[in-house]
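Worksheet: the structure to be examined is printed underneath.
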Amino acid sequence: MRRGGRSAAAARRNRGRQDEEKHNMPNILLTQKCVRSCPYCFAKKQMNDGDSGEIIKWEDMVYLADLFSRGGCREMRFLGGEPTLHPAFADFLAYSLTRGFSVTVFSSGIMSDKVKEDLRRVYKTVPQADKNVSFLCNLNDPELSPPAENKRVEEFLEEFGAWVMPGFNIYRKDFSLDFLFRYINRYGLRRSIRLGLTHPILGESNSFIAIPEMQGIVDRLLGYLPQFNQQDVVPGLDCGFPMCLFSDSQLGQLYKATKGSQRFTCGVPLDIGPDMTAWGCFPLSATHRKSVYEFDDYNQMTEYFTTFAQDIRKEAGGIYEKCDACTWRKKGMCDGGCAAHMLREIAKEGGVRAFKI
Amino acid sequence: MTTATKRVFVVPFNEAVLGKTGSHPVAVRTNDPGEISRIAASVSADRLHCIEVSSDSLAGLDFKKEWLALPLVFRLKRAGRLLDSIPALETLRGAAARFYFPATPENITAARVLSSLMVKTGLLLDGEGADWDALEDLVVYDSCGKVPHSSVEPFRYVYAEYKNRQADYNELYLEKEGTFYHCDAQGNVALSGAALAGGDFIGTLDKADAIDFSACSLAAREKRRAPLLKFEGCAVCPGWLACGYRNSAKPETCGMKPFMTALLDAAEQVNKNADHNI
């Protein structure tokens with residue numbers, strides 16, 4: 001029986017969403033301590049509210065590994081604060097790898113010699129570690145960072161660069177990406193850059209890119225596309241960029257530069273704090289936190305937080321008024337920007353709509 | 001390793017003492033892992049109950065592949081860093097050996113981690129400083145965990161022997177009167193490791209025929225049973241049989257009751273699940 005066009009499209013859309021959800025790696029905050037104090041920090045709320053001494057315990061690590069295994073998830077991310085500050089960081093890494101997970105560590109690259117020595121041992125002794133451990137280093141512009149910090153970051157990149165994908169969080173309009181290309185070439189980093197747009201964190205006063213500033217950010221970013229192409233570096237725009245910020249011509253250029261991988265939808269990353277509470281994405285960490293123990297498996301957690309994000313999007317189609325009637329949003333190609341902006345607007349309107357969510 | 005009807009001599013690795021144990025099974029104790037292969041070569045496999053090796057830490061243990069099939073029981077003070085054990089992990093997973101630790105909070109955590117990595121572990125419940133709350137939590141993990149993991153002793157023993165009223169998990173620690181007889185290098189025989197250390201002998205291996213092993217064991221059990229007549233201590237603990245009322249003389253320092261209650265509840269549930277193929 002031939003299915004009707006509408007339902008077939010809906011099925012395709014749902015399938016696309018499910019595929020994306022499958023790729024939602026859980027983020028585990030090993031510790032709330034950090035070595036930097038970035039003005040845009042997306043974990044700021046978590047770090048300010050929590051007990052800075054609180055760290056993930058071994059029992060929790062085993063519990064989480066079991067929980068993710070049951071849900072068929074074979075990947076996890078270690079976040080912080082600075083995750084390498086956790087006293088058992090390297091042991092957690094070895095443990096997770098031995099349990100069959102691949103791990104991405106979100107690090108500043110600033111770490112002690114002891115941690116670096118432990119990392120060498122992980123790469124040397126744990127089977128397949130060179131394939132299954134990678135770092136996403138959120139690098140700050142060295143022009144705007146203390147020299148001592150730059151030195152330590154560069155020391156890390158010098159040794160572990162082959163496993164490092166650089167990341168950059170855009171929190172001001174006059175940003176520069178030149179240093180990232182320099183780092184990639186000098187230290188042999190992976191040839192792609194995660195580019196994150198900083199978002200408001202509900203209940204916090206962090207630096208972020210306001211909605212009216214986004215077009216300028218995109219224009220500046222696209223100005224770097226020739227450099228990306230010329231140097232064979234793939235830009236990876238993180239979540240929160242609405243598709244309408246790009247013209248059709250720019251989307252074409254972006255398609256080529258990102259090898260067709262660019263998405264404008266929200267994957268609802270799952271974050272788990274050292275106190276074993278979970279929330280769907282840092283900017284929304286002030287709302288709908290739940291204990292990990294309330295879920296039977298990882299799929300159930302993903303479903304819960306995805307539903308929450310969808311509920312926000314039912315109340316507000318996107319960050320712009322025009323999102324409500326947007327064809328591309330309806331087709332599931334764009335989620336209308338970051339839900340944190342929407343929730344921020346909803347929260348301003350008093351309790352009525354916020355209560356619905 | 002259920003040995004209800006056998007008489008097992010627990011001996012140090014000493015050729016002369018081993019020679020006096022006749023055809024009885026032996027559990028050979030050593031503090032030197034380097035002796036393991038020599039012990040295995042000295043005692044026939046059908047007589048070797050186990051080799052019990054006391055050492056410092058799992059991380060510091062150089063586990064040989066030739067030991068894989070041996071009935072090894074390691075008594076270790078601690079697990080040490082996981083990172084240090086990683087190179088040997090594949091071997092440890094495939095080994096018949098079990099690794100016992102004192103039930104301190106750190107070791108209980110290590111038992112959980114190693115169990116989740118499919119290494120067979122055990123906890124010594126006879127020592128002081130056991131963290132009963134953490135043990136109770138580990139029982140929940142072991143009995144309810146839905147992801148495959150290796151067994152932890154004595155939990156596995158209690159689940160398996162739940163319906164056996166003669167079962168006493170101290171059998172795992174080579175401490176069960178009527179089954180294990182502890183000998184020193186001079187051939188003195190005692191009913192327990194503590195009795196041996198305290199010089200409380202029941203005879204010598206040279207004159208083993210003169211020892212009434214059953215009567216001695218029964219007398220020791222009767223002596224320990226006496227406090228059970230009072231309505232306190234072991235008499236009001238559901239786990240008195242499984243633990244062999246080892247702490248009957250000092251119930252005020254025992255503290256096992258809530259843990260034993262949880263362990264037996266878990267054993268009941270595990271058995272129910274098995275009966276219903278769950």
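The values are calculated or read from the model by the stated rules, or taken from the named source; none is laboratory data. These numbers come from a predicted model, not from an experiment. All Cβ positions, glycine included, derive from the backbone under ideal geometry; neighbour counts span all protein chains shown.
At a glance:
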{"quantity": "Residues of the stretch A:160-205 satisfying the condition of being without any contact (Cβ under 8 Å) to a residue 60 or more places away in the chain and part of a loop (DSSP other than H, G, I, E, B)", "calculated": "A:Arg172, A:Lys173, A:Asp174, A:Phe175, A:Ser176, A:Leu177, A:Gly188, A:Leu189, A:Arg190, A:Arg191, A:Ser205"}
{"quantity": "Unique match (being under 27 Å from B:Asp168 (Cβ atoms) and in contact with a Lys or Arg (Cβ under 8 Å, 6 or more places away or on another chain)) among B:Ala110, B:Ala59, B:Ala79, B:Ala103", "calculated": "B:Ala110"}
{"quantity": "Number of positions in the stretch B:116-153 that are away from chain A (no Cβ under 14 Å), crowded, with 19+ Cβ neighbours inside 10 Å and modelled with pLDDT of 95 or more", "calculated": "4"}
{"quantity": "Unmet criterion (only one of (1) within 13 Å of another protein chain (Cβ to nearest Cβ); (2) touching a helix residue (DSSP H, G or I) at 6+ places or on another chain (Cβ under 7 Å)) for A:Pro83", "calculated": "(1)"}
{"quantity": "Filter result for the condition that a residue is of a type in the set (Ser, Thr, Tyr) and in contact with a Gly (Cβ under 9 Å, 6 or more places away or on another chain), over B:Ser116, B:Ser143", "calculated": "B:Ser116"}
{"quantity": "Residue count for the stretch A:87-113, restricted to those that are in a loop (DSSP other than H, G, I, E, B) and away from chain B (no Cβ under 13 Å)", "calculated": "5"}
{"quantity": "Criterion (at pLDDT below 95, more than 23 Å from A:Met111 (Cβ to Cβ), out of contact with any Pro (no Cβ under 7 Å at 6 or more places or on another chain) and in a loop (DSSP other than H, G, I, E, B)) met by exactly one of A:Gly81, A:Gly72", "calculated": "A:Gly72"}
{"quantity": "Tally of residues being within 15 Å of A:Ala88 (Cα to Cα), out of contact with any Lys or Arg (no Cβ under 8 Å at 6 or more places or on another chain) and either facing another protein chain (nearest Cβ under 9 Å) or assigned to a helix (DSSP H, G or I) (or both) across the stretch A:56-69", "calculated": "3"}
{"quantity": "Enumerated helices (runs of 4 or more DSSP H) restricted to the stretch B:150-266, each holding at least 2 residues that are touching a helix residue (DSSP H, G or I) at 6+ places or on another chain (Cβ under 6 Å)", "calculated": "B:155-160"}
{"quantity": "Lone unmet requirement of (1) more than 17 Å from A:Trp58 (Cβ to Cβ); (2) within 11 Å of chain A (Cβ to nearest Cβ); (3) surrounded by 19 or more Cβ atoms within 10 Å (Cβ to Cβ) for B:Ala110", "calculated": "(1)"}
{"quantity": "Selected residue [over 26 Å from B:Cys254 (Cα atoms) and either in contact (Cβ under 8 Å) with a residue 60 or more places away in the chain or buried (at least 19 other Cβ atoms within 10 Å of the Cβ) (or both)] from B:Arg47, B:Arg29", "calculated": "B:Arg29"}
{"quantity": "Count of residues meeting criterion [part of a helix (DSSP H, G or I) and of a type outside the set (Lys, Arg)] in the stretch A:325-341", "calculated": "6"}
{"quantity": "Qualifying positions in the stretch A:114-164 - among the charged types (D, E, K, R), surrounded by fewer than 15 Cβ atoms within 10 Å (Cβ to Cβ) and within 14 Å of chain B (Cβ to nearest Cβ)", "calculated": "A:Lys114, A:Glu117, A:Arg120, A:Lys124"}
{"quantity": "Flag if B:Arg38 is under 21 Å from the mean Cα position of the chain (by Cα), among the charged types (D, E, K, R) and either surrounded by fewer than 16 Cβ atoms within 10 Å (Cβ to Cβ) or under 20 Å from B:Glu171 (Cα atoms) (or both)", "calculated": "no"}
{"quantity": "Flag for B:Asp62 being over 23 Å from B:Ala130 (Cβ atoms) and either in a helix (DSSP H, G or I) or out of contact with any Ser or Thr (no Cβ under 9 Å at 6 or more places or on another chain) (or both)", "calculated": "yes"}
{"quantity": "Pick from the stretch A:82-92, criterion hydrophobic (A, V, I, L, M, F, W, C) and out of contact with any Asp or Glu (no Cβ under 8 Å at 6 or more places or on another chain), ranking: nearest to B:Leu117 (Cα to Cα)", "calculated": "A:Phe92"}
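For (1) under 23 Å from the mean Cα position of the chain (by Cα); (2) surrounded by fewer than 16 Cβ atoms within 10 Å (Cβ to Cβ); (3) more than 14 Å from chain A (Cβ to nearest Cβ); (4) without any contact (Cβ under 8 Å) to a residue 24 or more places away in the chain, each residue gets a yes or a no:
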position	(1), (2), (3), (4)
B:Glu52	yes, no, yes, no
B:Leu58	yes, no, no, no
B:Lys64	yes, yes, yes, no
B:Leu68	yes, yes, yes, no
B:Pro71	yes, no, yes, no
B:Arg81	no, no, no, yes
B:Asp84	no, no, no, no
B:Ala88	no, no, no, no
B:Arg93	yes, yes, no, no
